[in-house]
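Report on the following structure.
The values are calculated or read from the model by the stated rules, or taken from the named source; none is laboratory data. This is a predicted model, so every value here is computed, not measured. In this analysis, Cβ positions are derived from the backbone assuming ideal geometry, glycine residues included, and neighbour counts consider all displayed protein chains. Surface accessibility is based on the protein's heavy atoms, side chains included, excluding ligands, DNA and RNA. Shrake-Rupley method; radii C 1.70, N 1.55, O 1.52, S 1.80 Å.
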Amino acid sequence: MRPSIEVHDSLARLVSYPRDGFGDRVEEAATAVTLACPAAWAELEPFVTFARTSTQGDLEELFTRTFDSTEERALEVGWHVFGENYTRGTFMVTVRGWLREHGVEESGELPDHLAHMLALMGRMDEVRASELAADTVGPAMVKVHEALVKQDNPWAGVLGAVLAVLKMH
């Protein structure tokens, strides 16, 4: 069964910068995701525990250190698939059009950021969402997930849950 908009939006919140109240949103997101994809709980449980026991400052600092300090762990999907070239630029223009078409509001992140892609996939028709999951978002996030697992980083669980949900497409 196709994951709902709520599941996609919940995951999108977990891969966005942890603003005030992030800990509460982690609990809500984990519930929504695991109801739709029970296999995701095994991935999310360590992250939920980490979020419960961390301060807001700790969450913000680890998020920045994890995703903003290295290209290997960047959450920009197109970068992992296309590199830094014209093809990625074309992809971002296409994604920006899809975001507008499906009413997904852009944050301060680039159009190909995982949070945007997840929100978009929840609103797209199943064929296009499945293609994105298989051809672009999935392969990109496998790379990021592997890098996080090697470092025993708590955010690895979030990416593991993303991959579990992408398999549902």
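Shown for segment 1-155: the carbon plus sulfur share of the solvent-accessible area, taken with all protein chains present and a 1.4 angstrom probe, equals 52%. The stretch between E72 and E146 holds 25.7 nm of extra length on full extension. This uses 0.36 nm per residue minus the Cα-Cα distance.
Convex hull of alpha carbon positions in the chain: directionally averaged projected area 8.8 nm². Which longest run of the chain has no exposed loop site in it, a site being GluC sites (Glu not before Pro) in a DSSP loop with at most 15 other beta carbons within 10 Å, and the site itself not part of the run? In the chain, the maximal stretch lacking such sites is 1-83.
Taken as Cα centroids, segment 103-169 and segment 52-75 sit 17 Å apart, rounded to the nearest whole angstrom. Shown here for segment 1-87: trypsin sites (Lys or Arg not before Pro) in loop regions (DSSP other than H, G, I, E, B) with at most 16 other Cβ atoms within 10 Å, namely R19.
Rounded to whole numbers, the Karplus 3J(HN,Hα) couplings from phi for segment 101-110 are 4, 9, x, 8, 6, 7, 8, x, 7, 5 Hz, using 6.51 cos²θ - 1.76 cosθ + 1.60 with θ = phi - 60°, and x at Gly and Pro. Summing +1 for each Lys or Arg and -1 for each Asp or Glu among the other residues whose beta-carbon sits under 11 angstrom from that of E28 gives -2. The calculated FRET efficiency for E106 paired with E27, based on their beta-carbon distance and R0 = 25 Å, is about 0.40. At q = 0.15, 0.16, 0.18, 0.24 Å⁻¹ the log10 of I(q)/I(0) for segment 31-123 amounts to -0.78, -0.87, -1.02, -1.18, computed by Debye summation with a single uniform scatterer per C-alpha, solvent ignored.
Rounded to the nearest 500, the helix-only mean residue ellipticity at 222 nm of the chain stands at -19500 deg cm²/dmol, with each DSSP H run of n ≥ 4 adding -39,500 (n - 2.57). Couplings for segment 39-46, taken from phi via the Karplus curve 6.51 cos²θ - 1.76 cosθ + 1.60 with θ = phi - 60°, read 5, 5, 4, 4, 6, 7, 3, x Hz in order; Gly and Pro are left as x. Rounded to whole numbers, the Karplus 3J(HN,Hα) couplings from phi for segment 147-164 are 5, 6, 4, 4, 8, 6, 8, x, 5, 4, x, 5, 5, x, 5, 4, 5, 4 Hz, using 6.51 cos²θ - 1.76 cosθ + 1.60 with θ = phi - 60°, and x at Gly and Pro.
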